[in-house]
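Written below as structure tokens is the structure these notes are about.
Bear in mind that the values in this text are calculations on the coordinates, not laboratory data. Worth saying up front: this structure is predicted, and the values here are computed from it rather than measured. Cβ placement follows ideal geometry from the backbone for every residue including glycine, while neighbour counts extend to all protein chains displayed.
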Amino acid sequence: MAFEQYIIILQQNKYIYSLSLLVMFYILSQFAVFLSQKVILRITGRTKTDIDDLIVKRTNKPISLILLLIGFRLALFPLGIKQSILDLIEHGISSLITILVIYIVIMVLDIIIDGWGKRVAERTKSSVDEQLLPIAHRFSRIFISIVGLLFILPIWGIQVGPLMASLGVAGVAIAFALQNTLGNIFGGMSIILDKSLKVGDKIRIDNDTMGTVMDVGLRSTKIKTWDGELITMPNGKLADSRILNFVQPEPSVRVVIDFGVEYGSDANKVRKVVLETIKNLPGFMKDPEPKVLMIEMGDFALKFKALFWVENFDIKFETKSLATEEIYNALKKSGIGIPFPTRTIYMKKE
């Protein structure tokens, strides 16, 4: 009986009725927050991934706010507000609800993108989460915001059809104008995903472009040459180039030294002397095993190649210079002659 009397009072007093609706939706919004924190989070905590936990944590309050706005909108109807004012308030509330939905979608996409980037980075052992994820976040937010704007404009009576046609024509014109820029952006994304190079790598692109990668950006890559000069190369061109990476897949590199000895020298003795010299060099690697190969009987010398590996590219040239000097001294000390180009001329008297 008391409940029926309360219903009658609500029907007779529009202000109490509106206030009751608002209080009811407020309680409903708080219950949604309580349900997500105490029940849904407990369920998602049992899963192997933390993506669902983050989605629940970051979206429960916006969802509760949407429920509160819906309650506020329904509470306005019984008050008999002037239709023009009521329409204006409804447009504002609908726009706010749409904005909150856009915010929720962006938050969910951000969490999914972060989770994807983390898995790819762990699987490939790359820095994709640091380089590519900001780009993915930026593009997803811009796209969702544009889609949300297309939903908000009709609420205020703005027709999106002509606007879409205009945007389509403008988009084609912009795409042609930014063709090179977009090519560089996609080239940068392919470089990052393919892991063809990263910051700190020593690379050679052509005979004139060699150096250390200083930065792999969205549009271009910066390379510091051996002479300390900075080269900025568009990623579109770099992605289509043949890149020689001196430090991938392994940091160790091979050193090759060509030398010759005079005819009549003992080849086995030459190998023994040179191998002993190589094994005493700093940075020398026992595995792979060093080799000294006789490759040619030349015009005036027996030609050999000494091949050995050093720990990294940074010491390659210094080690090669030192090895060349040490091999020369060792051969000279062992009595093995190193010839220089000679020509014998026979003169015939007529």
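Label zone (residue 284, point 7 Å along Cα-to-C-beta; backbone nitrogen cut-off 15 Å) within segment 311-330: 311, 319-330.
Less than 5 angstrom separates the built amide H of residue 211 from those of 203, all sequence-distant by 5 or more or on a different chain. If the chain linking residue 149 and residue 61 were pulled fully straight, counting 0.36 nm for each residue of separation and taking away their Cα-Cα distance, it would gain 29.5 nm. Label-to-label distance, residue 77 versus residue 43, with points set 7 angstrom from Cα along the beta-carbon direction: 3.0 nm. The calculated FRET efficiency for the pair residue 340 and residue 99, based on their C-beta separation and a Förster distance of 56 Å, comes to about 0.10. Using a cutoff of 8 angstrom between alpha carbon atoms and counting only pairs six or more residues apart, the relative contact order for segment 242-328 works out to 41 percent. The 3J(HN,Hα) values that the Karplus relation (6.51, -1.76, 1.60; θ = phi - 60°) gives for segment 324-329 are, in residue order, 4, 5, 5, 5, 4, 5 Hz. Gly and Pro appear as x. Relative contact order for segment 198-245: 33 percent, from Cα pairs under 8 Å spaced at least 6 residues apart, divided by residue count. With a threshold of 23 Å on the Cα-Cα distance, the over-threshold entries among 57/195; 291/333; 237/320 are 57/195; 237/320.
Taking the average, over residues, of other Cβ atoms within 10 Å as the packing measure, peptides 328-336, 309-317 rank 309-317, 328-336 from highest down.
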